[in-house]
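Encoded as C-alpha cells, the structure appears first; notes follow it.
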Amino acid sequence: MSKELSTLRLYLMRLVYLLNFVLLGADVWPAILRHQGAWDPVKGVAFSFWAALSALSVLGLRYPLKMLPLLLLQLFYKLVWLTAVALPMWSTLRSTDLTHAMVIGVVVDLIGIPWPYVLTDYVRERGDRWRYAGQGSNVQRASAQDRRPTAW
C-alpha cells in the first residue's frame, strides 16, 4: 500500500487539528490565564495537558502526518476516560456535557485518523533499532581496540 494519502484525507486531518486548536484552546487558555490561586494538582495536570494539546495542534495544520501521534494520544485518553471514569458512573449519572464532548471527540478522531496509514506505518513497519549501529547501514561489531569512549 502506498504511504501517500489523498488531499481530502490530509484536509480532514487538518480540520481535526484546527478544531483542537480553536475549540479546545478557546476553553482552556482563558481558564489558565485567568485562574487565580493554587490549582488542584489533578485539575492542573488536565488543563496543562489540554493546553499543550491545543498548542501542538497548530503544528498539525502544517505537518498532519508528522503530528499523527498527537491524534492517537487524544483518541486513547478519551477512550480511557470513557472506560475508566464515565462507564462506572453510568448507572448514577446518565450523561454529562463532558461525556457528550468525549464521545463526539472519539467519533471525530476515529473518522479523522487515517487507519490504513497507521496500520502500515506503526504496526507493520519495523521499529527503530535499539542500539547504535556505527557508521554505514550494516551493524558493525567493534574490535576491542575500537571500543574506546567517545564524546557525545
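The values are calculated or read from the model by the stated rules, or taken from the named source; none is laboratory data. Keep in mind that this is a model prediction, so the values were computed, not measured. Note that each Cβ is placed from the backbone with ideal geometry, even for glycine, and that neighbours are counted across all protein chains shown.
Miscellaneous remarks
- Selection of region 61-93 for residues being among the hydroxyl-bearing types (Ser, Thr, Tyr) and more than 25 Å from residue 6 (Cβ to Cβ) yields 77, 83, 91, 92.
- In region 51-68, of all residues being without any contact (Cβ under 8 Å) to a residue 24 or more places away in the chain and outside any helix (DSSP H, G or I), the one that is farthest from residue 29 (Cα to Cα) corresponds to 66.
Okay, residues lined up against (1) in contact (Cβ under 8 Å) with a residue 24 or more places away in the chain; (2) among the small types (Gly, Ala, Ser); (3) not in a helix (DSSP H, G or I):
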| position | (1), (2), (3) |
| --- | --- |
| 12 | yes, no, no |
| 17 | yes, no, no |
| 21 | yes, no, no |
| 24 | yes, no, no |
| 33 | no, no, no |
| 37 | no, yes, yes |
| 43 | no, no, no |
| 47 | no, no, no |
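- Answer residue from region 89-104, given it is assigned to a helix (DSSP H, G or I) and out of contact with any Lys or Arg (no Cβ under 7 Å at 6 or more places or on another chain) and is modelled with the lowest pLDDT among those: 89
- Taking every residue in region 99-128 that is in contact (Cβ under 8 Å) with a residue 12 or more places away in the chain and pairing it with any residue that is of a type in the set (S, T, N, Q), at least 6 positions away or on another chain, the pairs with Cβ-Cβ distances below 8 Å are 105/74; 109/74.
- Residue match in region 28-50 (condition: surrounded by 13 or more Cβ atoms within 10 Å (Cβ to Cβ), within 13 Å of the chain's Cα centre (by Cα) and on the phi < 0 side of the Ramachandran plot): yes
Let's see how each residue does on (1) modelled with pLDDT under 95; (2) closer than 24 Å to residue 18 by Cα; (3) assigned to a loop (DSSP other than H, G, I, E, B); (4) not hydrophobic (A, V, I, L, M, F, W, C):
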| site | (1), (2), (3), (4) |
| --- | --- |
| 70 | no, yes, no, no |
| 74 | no, yes, no, yes |
| 83 | yes, no, no, yes |
| 87 | yes, no, no, no |
| 106 | no, yes, no, no |
| 141 | yes, no, yes, yes |
